[in-house]
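For reference, the structure discussed in these notes is given below.
The values are calculated or read from the model by the stated rules, or taken from the named source; none is laboratory data. None of the values given here were measured: they were computed from a predicted structure. Cβ placement follows ideal geometry from the backbone for every residue including glycine, while neighbour counts extend to all protein chains displayed. The protein model used for the area step is the full one, side chains on, heavy atoms only, and it has no ligands, DNA or RNA in it. Shrake-Rupley method; radii C 1.70, N 1.55, O 1.52, S 1.80 Å.
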Amino acid sequence: MEKPNPCRRRFLVLGAGAVAAGLLASCSAAPGYPGAEPVDVELKHGSFVSLYRTGVTTEWTVAAPGGATGTGATGPTAAQLPVALFLHGMGGDNGMVFDDLRAHEELSRYVGQGGTPFAIAAADGGNSWWHRRTDGSDTQSMLLQEFVPLLAGLGFDAGRTAVFGLSMGGFGALLLASQHRLPGLRAVAAMSPAVWSQYDTARQDNFDSAADFAANDVFALRPELELLPKRIDCGTGDNLLYSVRDYAKGLPGEHSGGFRQGGHDEQYWREILPDVISFLGKHLG
């Protein structure tokens, strides 16, 4: 059973440009950040109709410390804040990293401890595996051509970005970072990434064909990550462990993260999230 949330919440009605309500959280210090004084982190929601998702209404959420999404609170302005893009896993959506992993609370504690302020942004990607598919969707391009410009329009620094994700989204984060399509990318972090070294003919959900796999083969693209700060994590009880170890072993240069006890589940991801947040903040500073 989930522990009671120690945060007090107050809801704000945002301006006409927002589609939903924002949320300010003021959290008490937690074991992950001893002695920290948390800061207010606002969650702002909205949506757009995505051409790259064949006209699907795509919802998004941005978490930013210090009232940077426009509530008038003191602190850094949105123009000063870099952004970490989160890519969700299968069956997830833009709210996964906030509703399930409570990333905004971890961000609050991290910044309150003196870490680099940055925003976390997520958009719906469906079960597309974050690349172009034969159904006409292309969620990677949705991120680059629609969501990142939207964030820039809100005033965030789209020239200082990081990307992270879990499971399917971990694969998507590594793929995006490897293909050099996001200018200003400072770091990539993959939590339990769903990566394989060979095409599996028994499944069609992740790739449409052997040619599609070859075009998006993150194992073959590993040399492209040599100069980029990178973090790879996986639980030792995860079915993906051996594949992730194989992937990490062949990465050029140094990488952070590692393998600790845990499964392919929310408990493990919440346990490593403070370290992932610190990694992202370090390289976005």
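For region 81-186, give the magnitude of the charge dipole about the Cα centre (Cβ charges: +1 Lys/Arg, -1 Asp/Glu; no others), in debye to the nearest 20. Can you show the working numbers first?
Details: 7 positive and 10 negative charges, 78 e Å.
Taking the Cα centre of region 81-186 as origin, the dipole is about 380 debye.
Please list the three semi-axes, largest first and in whole Å, of the ellipsoid equivalent to region 128-232, using sqrt of 5 times the eigenvalues of its alpha carbon gyration tensor. Before the final figure, lay out each step's value.
Working: eigenvalues 112, 55, 24 Å².
For region 128-232, the semi-axes come out at 24, 17, 11 Å.
Obtain the nm distance between the two label points defined at T57 and L221 by a simple spin-label model: each point lies 7 Å from its Cα along the Cα-to-C-beta direction.
Label-label distance for T57 and L221, simple model: 3.1 nm.
Once the Cβ-Cβ distance between T201 and M90 is put in as r, and R0 is 25 Å, what FRET efficiency do you end up with, to the nearest 0.05? Working shown, then result.
Values: r = 19 Å, r/R0 = 0.78.
Calculated transfer efficiency: 0.80.
How much accessible area per residue does region 177-285 have, counting only protein heavy atoms and a probe of 1.4 Å, in square angstrom? Could the numbers behind the result be given before it?
Working: 5220 Å² over 109 residues.
The answer is 48 Å² per residue.
In nm, give the distance between the simple-model label positions of T116 and A211, each being 7 Å from the Cα along the Cα-to-Cβ direction.
4.1
Scan around A119 for amide H atoms under 5 Å from its own, H built in the peptide plane at 1.01 Å from N, and keep only partners 5 or more places away or cross-chain.
Answer set, sorted by chain and number: V83, A84.
Rank-order 124-132, 42-50, 195-203, 105-113 by packing density, defined as the average count of other C-beta atoms within 10 Å over each peptide's residues, highest first.
On the way: 124-132: 22.0, 42-50: 19.6, 195-203: 12.7, 105-113: 24.7.
Going from most to least packed, we get 105-113, 124-132, 42-50, 195-203.
Given points 7 Å out from each Cα along the Cα-Cβ axis, report the N127 to S47 separation in nanometres with one decimal.
Going by the 7 Å Cα→Cβ label model, 2.1 nm.
Roughly to the nearest percent, how much of the accessible area of region 124-219 is carbon and sulfur, given a 1.4 Å probe?
Values: 1600 of 3240 Å².
In region 124-219, the share of accessible area belonging to carbon and sulfur is 49 percent.
Spelling out what I want: for every residue of region 180-197, take phi, set θ = phi - 60°, compute 6.51 cos²θ - 1.76 cosθ + 1.60 (Karplus), and round to whole Hz; glycine and proline get x.
Calculated HN-Hα couplings, in order: 6, 9, 10, x, x, 5, 9, 6, 9, 9, 10, 9, 6, x, 7, 10, 9, 8 Hz.
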